[in-house]
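**Q** Have a look at the structure that comes next, please.
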Amino acid sequence: LAKAEASIRRQDSADANLALIGDKMVMFSSSDESFIMYGTHGGSWVALGDPVGRADEGPDLVWSFKDLADTNNGRPAFYQVGEAYLTWYIDAGMSLYKLGEEARVDLADFGLEGPKRRELRQSHNRGKRDGLTFELISPPAKDALLQELAAISSAWLATKNAQEKGFSLGRFSIDYVRRFPLVLVREHGHITAFANVFVTDTRAEASIDLMRHLPDSSRVTMDFLFINLMLALKARGYKEFNLGMAPLAGLADHRQARIWDRFGTYLYRHAGHFYNFDGLRRFKAKFDPTWKPKYMAAPGGLDPLIVTVDVAALISGGLGGMVRK
């Protein structure tokens, strides 16, 4: 992980910090300056995101990972890859399936002025009236603070009737959280919400991993957290903020679309009692982001739903966790 962390700091992708959860395997390039993080489940070998590190080493890493999966009779796949390097996966004989759209905010243009920011301005003002304050602290946090955040995290999980996830989602542990800058929101002096922040030394982008809050916190707590974090990062010279993906958003919607797209569009519209897809997109849309597609790359001819089930199991900690969710 120390070797991976050195590579992460030198490149732009903030979400590359997901390698530091410690629940994935890491395959390095021959130079040790680039890597792929991946997990395996049910015969699927799933790399998370694009290769991390030097772009010139990316194509070789894609082929090496595909060869590794093939050698072990596995199904190679790349989950949540961006549009910049799609030719790497096409050249490796893979098909692309759109997963959704990622919301990215240009911090140079972000602020609370103007009619388009009215809703954010109202939330920010409401937060201040509710006694909310914001703090961004550098790592490592003190043990006493981390223990307080652990209690908030446990309370949040209890209200969601959920267990910790993994793979493409962070999970709370003292050793993991202490690695990162932390955002704290206090309500009348008491911490009611926190998040850990993914950054790299290039300051090209930043993003949030864990977001946890007490069940009785102000209803504008998360708006207040995001607004103040973006303003603080803007002041520190960061270029973009990655709000993460809106799953199944922006899929093709016409009679001749692939079954994958038609099925995803149906879920987006009708599966609200399982997951509020539209509500998540509307929350991110408040920040006036640019939407960029995210894809899964998998071998041509393979039913992508097979890989999707295995990815869901990796995130949920096995099929049992997925069924309970």
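The values are calculated or read from the model by the stated rules, or taken from the named source; none is laboratory data. As the structure is a computational prediction, the values presented were derived from the model and not from experiment. Using ideal geometry, Cβ is built from the backbone for each residue, glycine included, and neighbour counts are taken over all protein chains shown. Surface areas here come from the heavy atoms of the whole protein model, side chains and all, with no ligands, DNA or RNA. Shrake-Rupley method; radii C 1.70, N 1.55, O 1.52, S 1.80 Å.
**Q** When you look at A150, is it exposed (fewer than 14 other Cβ atoms within 10 Å of the Cβ), touching a helix residue (DSSP H, G or I) at 6+ places or on another chain (Cβ under 8 Å) and either part of a loop (DSSP other than H, G, I, E, B) or on the phi < 0 side of the Ramachandran plot (or both), yes or no?
**A** Criteria not met by A150.
**Q** Does A155 satisfy being open to solvent by 70 Å² or more (accessible area, probe 1.4 Å), among the aliphatic types (A, V, I, L, M) and over 27 Å from E57 (Cα atoms)?
**A** Here the answer is no, as A155 does not meet what is asked.
**Q** Only one of (1) closer than 23 Å to R104 by Cβ; (2) open to solvent by 30 Å² or more (accessible area, probe 1.4 Å); (3) touching a Leu at 6+ places or on another chain (Cβ under 8 Å) is not met by S13, so which one is it?
**A** (3)
**Q** Can you list the helices (runs of 4 or more DSSP H) lying wholly within the stretch 215-295 that have 3 or more residues being on the phi > 0 side of the Ramachandran plot and modelled with pLDDT under 65?
**A** none
**Q** List pairs: first residue in the stretch 16-40 and without any contact (Cβ under 8 Å) to a residue 60 or more places away in the chain, second residue among the acidic types (D, E) anywhere in the structure, Cβ distance under 6 angstrom, at least six positions apart or on different chains.
**A** These pairs meet every condition: S29/E57; S34/E57.
**Q** Are any residues in the stretch 60-81 outside any helix (DSSP H, G or I) and more than 25 Å from K292 (Cβ to Cβ), and if so, which ones?
**A** Matches in the stretch 60-81: N72, N73, G74, R75.
**Q** From the list L136, L145, L99, which one is in a helix (DSSP H, G or I) and among the hydrophobic types (A, V, I, L, M, F, W, C)?
**A** On inspection, the qualifying residue turns out to be L145.
**Q** Please work out if A47 is in a helix (DSSP H, G or I), without any contact (Cβ under 8 Å) to a residue 40 or more places away in the chain and closer than 17 Å to P304 by Cα.
**A** no
**Q** Of the numbered conditions (1) open to solvent by less than 30 Å² (accessible area, probe 1.4 Å); (2) assigned to a loop (DSSP other than H, G, I, E, B); (3) among the small types (G, A, S), A84 fails exactly one; give the number of that condition.
**A** Here A84 clears every test but (1).
**Q** Residues of the stretch 176-200 being closer than 18 Å to R126 by Cα, open to solvent by 10 Å² or more (accessible area, probe 1.4 Å) and among the hydrophobic types (A, V, I, L, M, F, W, C), which ones?
**A** I191
**Q** Restricting attention to the stretch 213-234, and to residues there that are over 26 Å from E113 (Cβ atoms) and in contact with a strand residue (DSSP E or B) (Cβ under 6 Å, 6 or more places away or on another chain), which single residue is surrounded by the most Cβ atoms within 10 Å (Cβ to Cβ)?
**A** Per the criteria, the residue is H213.
**Q** Next up: Can you tell me how many residues in the stretch 107-133 are touching a Ser or Thr at 6+ places or on another chain (Cβ under 7 Å) and not in a helix (DSSP H, G or I)?
**A** So the answer is 2.
**Q** Can you name every residue in the stretch 176-205 that is of a type in the set (S, T, Y) and either part of a loop (DSSP other than H, G, I, E, B) or closer than 22 Å to D216 by Cβ (or both)?
**A** T192, T200, T202 - these are the residues of the stretch 176-205 that are of a type in the set (S, T, Y) and either part of a loop (DSSP other than H, G, I, E, B) or closer than 22 Å to D216 by Cβ (or both).
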